[in-house]
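Working notes, structure below.
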Amino acid sequence: MSKTLQDKINLYLANQQVCFLKLHNLHWYIKGRGFFTLHAKLEELYNETAEIIDEVAERLLALGGTPIANMKGALAIATINELEDVPVSSEDAVTALISDVELWIRDTGELIKLCEDEGDVVTADIFTGYLSNYQKLLWMLKAYLA
């Protein structure tokens with residue numbers, strides 16, 4: 001595994017770690033008509049994110065890499081921003097999620113290409129599964145706001 005691939009996987013991991021807390025923030029602070037629907041969906045998303053974090057870190061270890069495993073390190077390189085601890089409307093929560101999911105899609109696509117370029121079809125396959133889920137989630141979030 002190249003340093004470039006390890007760094008890109010760690011960036012992905014850092015963004016997922018920040019998103020894990022961000023999804024909890026939205027889950028706890030969501031207000032408005034969509035509360036019940038979004039409260040449950042956000043819980044589903046942070047549980048899925050926890051699984052992704054574990055799978056990505058373990059894949060990185062399997063490849064001989066060193067995953068970022070602390071928030072200080074994650075926050076130092078993450079490109080996803082945290083949220084303040086304040087109430088957020090259903091619409092604003094979904095808008096924030098759309099922005100993050102679009103970033104996930106972009107980063108995941110870049111990772112797939114990098115893995116394929118290095119001949120790592122197993123890691124590319126893992127991220128291809130994530131990409132499919134993110135594309136579906138983006139469609140659903142946009143439909144929610146329509």
Relative contact order for region 71-146, counting Cα pairs under 8 Å that sit 6 or more residues apart, in percent: 33 percent
The chain, relative contact order in percent, only Cα pairs under 8 angstrom and at least six apart counted: 30 percent
Cross-link table LYS22/LYS136; LYS8/LYS136; LYS22/LYS142; LYS3/LYS41, entries beyond 31 Å C-alpha to C-alpha: LYS3/LYS41
Difference of contour (0.36 nm per residue) and Cα-Cα distance, GLU118 to LEU75: 12.7 nm
On Cα atoms only, tilt of 35-62 relative to the major axis of the chain in degrees: 10 degrees
Likely footprinting exposure, ILE98, ILE9, fewest C-beta neighbours within 10 Å first: ILE98, ILE9
Semi-axis lengths (Å, descending) of the ellipsoid that matches the C-alpha gyration tensor of region 85-146: 29, 11, 8
Pair LYS3, THR95: separation of 7 Å Cα→Cβ label points (nm): 4.1 nm
Charge dipole (the chain, unit charges on Cβ, about Cα centre) - positive-most of ASN10, LEU141, ILE112: LEU141
Sorted by Cβ density within 10 Å, fewest first, the residues VAL121, VAL86: VAL86, VAL121
In order through region 118-129: 3J(HN,Hα) via Karplus (6.51 cos²θ - 1.76 cosθ + 1.60), integer Hz, x for Gly, Pro: 8, x, 9, 6, 5, 5, 4, 5, 4, 6, 5, x
Cα gyration tensor shape for the chain, rounded if a/c is under 1.5, else prolate or oblate: prolate
Per-residue ³J(HN,Hα) for region 11-22, Karplus 6.51 cos²θ - 1.76 cosθ + 1.60, θ = phi - 60°, Hz, x for Gly and Pro: 5, 4, 4, 4, 4, 5, 5, 5, 5, 4, 6, 4
Sequence-distant residues sharing a close amide H with VAL88 (under 5 Å, placed H): ILE30, LYS31
Separation of alpha-carbon centers, region 38-113 and region 1-34, rounded to whole Å: 2 Å
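Bear in mind these aren't lab numbers, they're just calculated from the coordinates by the rules spelled out. This one's a predicted model, so the numbers in the text were calculated from it and none came from an experiment. When we count neighbours, we look across all protein chains shown, and the Cβ atoms used for this are built from the backbone with ideal geometry, even at glycine.
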